[in-house]
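To start, the structure itself, in structure tokens.
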Amino acid sequence: MKSLHSKSLLLLLASFSSLTAESENRLFYDAVRAEATGDLDSAINSYEDSAKIAHSANLHGNLANLYFKKERLGKSVLNYRKALVLEPDNRDLYENLSFAMETARVESTGLDISSGYFRPASVNFWAIATSLFFWVGLLLVCLLFFFQIDRFIKLISILLWAALSGLGVWGVIKSKDNHELQKREVIAVTPQGKKDSNGSKTLELRRFAGNGSSANTTVVPGESLFLDFNEDGSPKDHRSSNGEKWYLVRSLEGRKRGWMKANELGRILEPNNL
Amino acid sequence: MFKTFEKFSHLPPAIQAKARTIGTGVLLTLLCLSHSTQLIGQNQQAIRAEAAFTPPSVSLGNNSIYKVIIYGTQALPTGKIPTVAGLAISNSPQAFRSASLINGVPSVKTELSFQVRPTKKGSFSLPSWVIEIGGNSVRVPAASLQVLTPSQQDLLLQEKEKQRQNDIKQAAFVEFETPRDFLFEGETIPATINLFLLNGLPVTRLPPPPKKIGDSFSMTEIRQRNIKRNFLRNGKSYTVFSWPVGLTAAMAGNQELSFEVAIQVRVKNNRSSPFNDPFLSDPFFGFGREQALIASSEKQTIEVRSLPMKGRPQDFQGAIGSFSSVSRLDADRVSLGDPVKLTVEISGTGNFAAIPAPGIKPSDKLKVGSPRFSFAGNEITKHEGMQSFEYILTPLTPGLIEVPPIEFSFFDPIQETFSSTITTAHPLRVDPGEKWTPGSPENIGPKNKDKQKEASTADLFQTESEPGRWTKTLEQNFLLDIPVFWYSQSIPLVCFCFFVFWGLTRRSGEKEKLRQKEATLTRQMKDSVGFNDPSSFLRAFRDLIRIRLASLRNHPNPSSLSSDELVALLHSGDNTEELISEIEDLLRSCDDQEFAGNELAKHPLDSLYQKGTKLLKNLR
């Protein structure tokens, strides 16, 4: 009876997952068709709906293309960055992002996504490499120890093993740090219904969380900023009297710092909407 | 026997009386035991079998029972009943076990009853056969059955049963209609399945759709049900339920097809008179019981022909029917990389459910995505209507390009020939679109703008027509967060521990060997003093020096060390010059002894032994 229940549950889960897979595919194809007929707004809506269910590099790449055509460069940059999270080695996406950032006149590149060896996606590579360096090296050192090899060779081998293992650990730590930073990274975007082409429109970082507050500095849509976090790991936020949510953000080097409205920010990693 | 009690006459009377009582009890117990033993002996009676037909003579059309009685066991036998031409014997007998006391003797038996239906008249004998019971073989004797010509009453009963079956058949039956007598393999035809229910038949619920019997045809899903009331057939009034379906022939040859459906009817509770027609009257006004009545159609043999090979086009993909095709392009001018929709519509009659999308010839100017299907028309039979295929085309080169015409081949079952329909070609102007300098991850950002301009240009923003691999979250799964990764580290850890253990064991084994060798050599030195054998003494001394020095200096191969190398090793340690020179002297004597003979014979060996022992002790 129990096994029957568990089988039914598995069947239910499988059918549910296939249903959701069908719906995200359907929305994607609907979006491509809408784009083919020139209805870019419908295409964007379908892509956004699909992105609420699941993500793919092609989905975010296409969405970024459409936002670029609609001159919403912040959203375009944000979606290219999302696509690059899924396919970090996709050269086309890098090139499109480069062009979109250039068009948006973005000064700051934010997180150094070009740091190939220690980028956030490299954590697993470094974990496996460290594990291999450590254990294979340890076994080899043991072999040298028991087989009475020359002391100098022994010393060199131990040093090499320690250095490689250390490099691996450092790689893990550095790429994990970059990942933690990416979790805090947000892209400045213009709210729905406004264009932000040619960098003519800037967004203000205010001294206090309120519309009446003066601006510390400004950023252009597409620019990278980083959320300030509380000690419990949640972003520092404030809800103003008119119900608007504000977040405290800063640039990577910390020169720009201030409060921005939630609808002016897009987080690269989930949660999708702030 | 009572004399036995007289032996106790010298005892007091009370004790004598007690002894008599005990003796009587013992006697009675012995009697009971002997009787039980007799019973057990009778219980272990031989297993035997009897067989007979009950009744031994029947008229044709009636059944008899072939009964096998096995005495002396209640175990179920195994065996194969012989077959007799003219008698249909059931393979699943009813078994009945019983136990009883006959004249005070316990008896057990097993009865097996086989239903027997004679198919012709005559005298039949079921031959003797063997059954296996608990490893024993028991022979079942032969039995005979007389099958007589049916009596007048039997004939009347059979006639009545036939009439009843016919009535039931007329009360509920299935018919199906197809437009043609034959069809081609893969062809779809519309068909109608009709269920006729006689008015007055006490049907308790609406009948379900009929089931197809015959694997050579596939059928579309049955959805719509039409009802026609008071339909007259053979002077009787029926309610007719109709289901339109699409039938597709799957295999060539003469294929049988029929339909059946189980309908629920109410019958009388009285089952004692089975030949009363229970279906055609409802005397209990709804208080009877429900019973399933199978209504079936006659088996129809339909000829399914193979498609001819002659004249079959290369791009034929199995479409059978009569079709026409058109295509249209959503835009005639696009930017490079922007997708454009091409719709191909195939309309007519035929096997729409089996038509694959027509292929578009691949080209280096157009990327073609997988098409989307949609059907408009008779959704029930899928035989008539229009099938649309929507392709997403992505131009890959700028300029005026042509979307090629699409050819669609089909087989016309009426004309019995292959035909093709072709769409028109569409011109498409592709504008070059945006240009930009391809950057690399290293030169993203405005600071590298000048460097980028020097590089070659490429076309921007290609829309992908396929979604690619889906993931539920943008967050990566890290190996470090998965317990399996950490558990897997135990594998190399275990290997490492094993390796260390093996190495240490090996090392201690070598040390032990060395220690034993040293002890042997020390003993050899001592013995050679006793035997006054300077040659053996010096060899043992030199080997001891080698082993000690190799052990102290961690030399891998002590036996390869020459005298000069040994002296060099002595110098490398914390040894006095005096010790080194004394050892050197002895080593030279050893070499002299080895190469020049009995030079050392003049030295007393016992003093050399003491000196050698002392030198070995002080070796550093």
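Readers should treat all values here as calculations from the given coordinates under stated rules, not as data from a laboratory. As the structure is a computational prediction, the values presented were derived from the model and not from experiment. Note: ideal-geometry Cβ built from the backbone for every residue, glycine included; neighbour counts use all protein chains shown.
Overview of values
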| quantity | calculated |
| --- | --- |
| Chain lengthening between residue B:130 and residue B:331 when straightened (0.36 nm per residue, less Cα-Cα) | 63.6 nm |
| Fewest-first sequence of B:499, B:96, A:28, A:226 by Cβ atoms within 10 Å of each Cβ | B:96, B:499, A:226, A:28 |
| Simple label model, 7 Å out from Cα along Cβ direction - residue B:581 to residue A:149, nm | 4.3 |
| Relative contact order %, segment A:117-178, counting alpha carbon pairs below 8 Å whose residues are six or more apart | 66 |
| Environment charge of residue B:48, counting only residues whose C-beta is closer than 12 Å and scoring Lys/Arg +1, Asp/Glu -1 | +1 |
| Dipole of segment A:184-267, positive end: most advanced residue of A:238, A:224, A:191 [Cβ charges, Cα centre] | A:191 |
| Neighbourhood net charge (11 Å Cβ-Cβ; Lys/Arg +1, Asp/Glu -1) for residue A:145 | +3 |
| Charge context of residue B:613, other residues only, Cβ under 13 angstrom, K/R +1, D/E -1 | +3 |
| Simple label model, 7 Å out from Cα along Cβ direction - residue B:466 to residue A:173, nm | 4.3 |
| Normalised alpha carbon radius of gyration of segment A:117-178 [divisor 2.2 N^0.38 Å] | 1.31 |
| Averaged over A:117-128, number of beta-carbon atoms from partner chains that fall within 10 Å | 2 |
| Förster radius 45 Å - calculated FRET efficiency between residue B:562 and residue B:498 (Cβ-Cβ, nearest 0.05) | 0.70 |
| Unit charges on C-beta of K, R, D, E only; dipole of segment A:184-267, Debye | 220 |
| Charge dipole (debye, nearest 20) of segment B:87-219; +1 at Cβ of Lys and Arg, -1 at Cβ of Asp and Glu | 600 |
| Chain lengthening between residue B:555 and residue B:353 when straightened (0.36 nm per residue, less Cα-Cα) | 64.2 nm |
| Magnitude of the charge dipole, segment B:165-305, Cβ model with Lys/Arg +1 and Asp/Glu -1, debye to 20 | 660 |
| Point-to-point label distance, residue B:95-residue B:163, nm (Cα→Cβ direction, 7 Å offset) | 4.4 |
| Relative exposure of B:426, B:383, B:571, judged by other C-beta atoms within 10 Å (fewest first) | B:571, B:426, B:383 |
| Positive-pole candidate from B:369, B:417, B:336, dipole of segment B:325-431, charges at beta carbon | B:336 |
| Fewest-first sequence of B:392, B:168, B:227, B:89 by Cβ atoms within 10 Å of each Cβ | B:227, B:89, B:168, B:392 |
| Over segment B:463-620, relative contact order from alpha-carbon pairs under 8 Å, at least 6 apart, % | 20 |
| Estimated FRET transfer efficiency when R0 is 60 angstrom, pair residue B:192-residue B:478 (beta carbons, to 0.05) | 0.45 |
| Mean Cβ count within 10 Å, highest first, over the residues of peptides B:56-64, B:131-139, A:230-238 | B:56-64, B:131-139, A:230-238 |
| Whole-number percent relative contact order across segment A:122-274, with pairs defined as alpha carbons under 8 Å at least 6 apart | 21 |
| Whole-Hz couplings from phi, Karplus 6.51/-1.76/1.60, listed for segment A:38-48; x for Gly and Pro | x, 8, 5, 5, 5, 4, 4, 4, 5, 4, 5 |
